[in-house]
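The values are calculated or read from the model by the stated rules, or taken from the named source; none is laboratory data. Remember, it's a predicted structure, so these values are computed and weren't measured experimentally. Because the Cβ atoms are built from the backbone with ideal geometry, glycine has one as well, and the counts that use them run over all protein chains shown. Note: accessible area is taken over every heavy atom of the protein model, side chains too, but ligands, DNA and RNA are not part of it. Shrake-Rupley method; radii C 1.70, N 1.55, O 1.52, S 1.80 Å.
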Amino acid sequence: MTLLSNKEALTFCASEYDTLHKVILCEPRHMAIEEVINETQKHYQDDNIDRKLAMMEHRQFTEALREHGVEVEILEASPDFPEQVFTRDIGFTVGETLFVAEMASDIRQGEEKLLKKQLKKRKIPYKDLKMGSIEGGDVIVDRTNVYVGISSRTNEDAISELEQSLPDSYRVHRIPFHERYLHLDCVFNILSPEEALVFPQAIDREALKLLESRYDLIEVMEEEQFTLGTNVLSIGNRKVFSLPVNKKVNRQLRSRGYTVIQIDLSEIIKSGGSFRCCTLPVMRNPIGSDAKTMRRQS
């Protein structure tokens, strides 16, 4: 497997938990529940979104990322796309490649064009995925293992194209789960080489056995799954962004030695996404140190 040097690399993500250096966010400037596309939105459709509050929450999150040394790139928000705040779904980075997704929901189609425009402007290379539909919330990376949720947003054609686009050293694991939970990262998320969060009731039995064989699974209860307890964001060095409302998850994380950074995104999560959904990592971890790990596994 050929890896780029620090100077050459513009994109690189080998896991969900290595040190986060650069990420793409989009402000919820035009956020709204215009067309119910998930169970969470159905619950909040009468309340809808307080944009002023959502903007305040997002800015606090952005400032906290920068305070922890993360470079934040802001994608221009368009009034045409009320779900654009969830940049994770528009694209995802696996190894050296930033993939631009093919969105499944009509209300989100077109977001990828604005992402590509910004990537071109910044001279950041990317690869289009055009076969079927795939969204980044269904793609979870741990070194040369890539777990992809089979959902209402991600189908087999797109997974096969992703599989063919990756180096031979990678292995793609298909993880079927109940489609009412929208994306895989709403029911599963990797925290470290040994630990992961999971809402087991949502995941296919055989897929759950695979995850159990690889990770010490921290179970998320149903009430905290609804408030997206699995959808945390790791930024490296066992530091994790999590919602204050998810007290049981946060207590378990702290008991295992994680530093929990609490930011309130309660207005944003009304639309069905939290910290991981709101972030598109472009660069994680020092390439040199991780290159050795990747070569050992390839």
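Points worth noting:
- Among the GluC sites (Glu not before Pro) within the range 194-255, those in coil by DSSP and having at most 13 neighbouring Cβ atoms inside 10 Å are GLU194.
- Beta bridges from DSSP with both residues in the chain: antiparallel share about 50 percent, rounded to the nearest 5.
- Heavy-atom accessible surface of the chain: percent carbon and sulfur, 1.4 Å: 45
- Length added when fully stretched, GLU219-ASN237, from 0.36 nm per residue minus Cα-Cα: 4.3 nm
- Each of HIS68, PHE177, SER151 was placed along the dipole of the chain (beta-carbon charges, centred on the mean Cα), and the one lying farthest toward the positive end is HIS68.
- In the elastic network of the chain, a GNM with C-alpha springs shorter than 10 Å, the most mobile of ILE74, ILE218, ILE190 is ILE74.
- Taking all protein chains into account, the per residue accessible area for the chain stands at 42 Å² (1.4 Å probe).
- When the Cα positions of LEU25, THR97, ILE269 are compared along the charge dipole of the chain, THR97 comes out farthest toward the positive end, with charges on each C-beta of Lys, Arg, Asp and Glu.
- In a reduced charge model with +1 at each Lys and Arg Cβ and -1 at each Asp and Glu Cβ, the chain shows a dipole moment near 1160 debye about its Cα centre.
- Summing Cβ point charges (Lys, Arg +1; Asp, Glu -1) relative to the Cα centre of the range 124-184 gives a dipole of roughly 140 debye.
- Calculated [θ] (222 nm, deg cm²/dmol) that DSSP helices of n ≥ 4 give over the chain, each run adding -39,500 (n - 2.57): -7500 deg cm²/dmol
- Within the range 222-288: Cβ-based charge dipole about Cα centre, in debye rounded to nearest 20 (Lys, Arg +1; Asp, Glu -1): 360
- The listed peptides 226-232, 64-70, ordered by packing as a protection proxy, come out as 226-232, 64-70 (highest mean of other Cβ atoms within 10 Å first).
- Option label - Rg/Rh (Cα atoms, Kirkwood Rh) computed here, alternatives (1) 0.92; (2) 1.00; (3) 0.98: (1)
- Proximal lysines relative to LYS22, as straight alpha-carbon distance under 23 Å, when same-chain residues fewer than 8 apart are discounted: LYS7, LYS113, LYS116, LYS117, LYS120, LYS121, LYS123, LYS127, LYS239, LYS292
- Here SER105 sits with roughly 10 square angstrom of accessible surface, probe radius 1.4 Å.
- Computed from label points 7 Å out along Cα-Cβ, the spacing between ASP264 and LYS209 is 4.5 nm.
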